[in-house]
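Everything on this sheet refers to the single structure shown next.
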Amino acid sequence: MITFSHDCPYCKKKNVAFEVGDFGRREQRHSDKDVFAILGTCNNCGGGIVTNVKTSRFRGDLGYSPSESERIQKILKEHHGEKYSLDEILPLREFVFYPQPAKPEIPEYLPRDLEDAFIEAEELYCLVEENKFIKQAGNSYRAIIELALSKLDNNPQDKNLKQRINQLTEQGKLSPSMKDFAHRIRTLGNGASHALLEFSKQDLDEIRLFTRLFLIYSFTLPAMIPVAEK
């Protein structure tokens with residue numbers, strides 16, 4: 001069989017073995033290249049990923065030797081019973097596989113501790129699988145909004161999240177739309193933090209989106225305005 005290692009976007013395992021399960025060869029128009037669409041399946045969960053590889057149809061030695069495309073097709077078609085590495089069959093190639101594993105999306109210009117907290121939440125989100133880690137990830141985003149609001153509040157005394165949101169709005173530090181964002185995150189976060197309340201993957205996706213938008217509006221956009229305009 002022909003194998004390669006890759007991070008699985010489905011079961012989240014790192015450098016797991018994939019086996020080449022099938023391929024398709026298509027001639028690229030107006031070119032001497034062929035495109036091979038190669039399907040690999042994860043040996044752990046069975047999920048499939050695809051990469052496209054270009055190969056040459058050029059024949060050396062006065063046209064009598066097989067082209068690279070013909071050689072690759074023969075190997076992919078006839079040698080699944082033997083052990084091969086895809087990197088050895090197609091050396092010096094940089095493979096791009098789809099779908100790609102999820103990557104953290106970090107807003108710019110965040111305070112360091114807030115950036116670290118958001119990175120941790122995003123990394124936990126990337127580990128979410130079926131019903132695992134959903135509430136833990138939701139709690140992480142709720143904690144981020146608490147930290148972000150505390151940085152906007154000049155009064156350091158302890159307050160519950162609802163009270164802090166309302167007071168910051170009254171002080172003009174949160175616009176009505178930002179207030180709505182914050183309360184939506186708070187409400188969704190309540191479901192993540194209480195064992196008896198339901199909290200779905202859809203809820204997690206929503207709290208993640210609202211948290212990211214809140215950070216962009218509160219920290220990223222203000223930092224992008226030139227000092228003179230501020």
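The values are calculated or read from the model by the stated rules, or taken from the named source; none is laboratory data. Model, not experiment: these values are computed from the prediction. Cβ coordinates were reconstructed from backbone atoms using ideal geometry, including for glycine residues, and neighbour counts include every protein chain displayed. These accessible areas exclude ligands, DNA and RNA; they are computed on the full protein's heavy atoms, side chains included. Shrake-Rupley method; radii C 1.70, N 1.55, O 1.52, S 1.80 Å.
The slack in the chain from residue 167 to residue 29, taken as 0.36 nm per residue of separation less the alpha-carbon distance, amounts to 43.3 nm. Each other residue within a Cβ distance under 12 Å of residue 74 adds +1 if Lys or Arg and -1 if Asp or Glu, for a net charge of 0.
Between residue 43 and residue 132, what length in nm is gained on full extension when 0.36 nm per residue of separation is reduced by their alpha carbon distance?
Details: separation 89, 0.36 × 89 = 32.04 nm, distance 2.08 nm.
Net length gain for the segment: 30.0 nm.
Taken per residue, the accessible surface of the range 157-216 reaches 56 Å², heavy atoms only and a 1.4 Å probe.
Taking only protein heavy atoms and a 1.4 Å probe, what accessible area per residue, in Å², does the range 24-156 have with all protein chains in place? So the range 24-156 comes to 63 Å² accessible per residue, rounded to a whole number.
Taken about its Cα centre, the range 74-230 carries a charge dipole of about 460 debye when Lys and Arg each add +1 at the Cβ and Asp and Glu each add -1 at the Cβ. Give me the percent of accessible area attributable to carbon and sulfur for the chain, probe 1.4 angstrom. Carbon and sulfur together cover 50 percent of it.
In the list (i) 64; (ii) 53; (iii) 49, the label attached to percent of Cα pairs over 22 Å apart as derived from the coordinates here is (i).
Assuming R0 = 25 Å, can you tell me the calculated FRET efficiency for the pair residue 84 and residue 58, based on Cβ-Cβ distance, to the nearest 0.05?
Between residue 84 and residue 58 the formula returns 0.60.
For the chain, the membrane-span-like helix rule (DSSP H, alpha carbon extent of at least 30 Å along the helix axis, mean Kyte-Doolittle at least 1.6) picks out no helix; this says nothing about an actual membrane.
Where the only charges are on Cβ atoms (+1 Lys, Arg; -1 Asp, Glu), what is the dipole of the range 66-141 about its Cα centre, to the nearest 20 debye?
In debye, rounded to 20, the range 66-141 gives about 380.
Report the residues of the range 139-169 in range of a label on residue 190: point 7 Å along Cα→C-beta, backbone N strictly under 19 Å from it. The answer is 139-147, 149, 159-169.
From the protein chains alone at 1.4 Å, what is the descending order of accessible area for 187, 169, largest first?
On the way: 187 70, 169 35 Å².
Heavy-atom accessible area, descending, gives 187, 169.
Calculated FRET efficiency, residue 123 to residue 77, Cβ-Cβ distance, R0 = 45 Å: about 0.65 to the nearest 0.05. In straight-distance terms, cross-link reach from residue 33 covers every one of the lysines whose alpha-carbon lies under 21 Å from its own, apart from those fewer than eight places away in the same chain; here that gives 54, 74, 77.
Helix-only arithmetic for the chain: the sum of -39500 (n - 2.57) across DSSP H runs with n ≥ 4, divided by the residue total, places the mean residue ellipticity at 222 nm at -13000 deg cm²/dmol. If you count Lys pairs in the range 138-230 whose Cα atoms are under 18 Å apart, skipping same-chain pairs closer than 8 places in sequence, the total is 9. Charge tally for residue 103 (other residues, Cβ to Cβ under 10 Å; Lys, Arg +1; Asp, Glu -1): -3.
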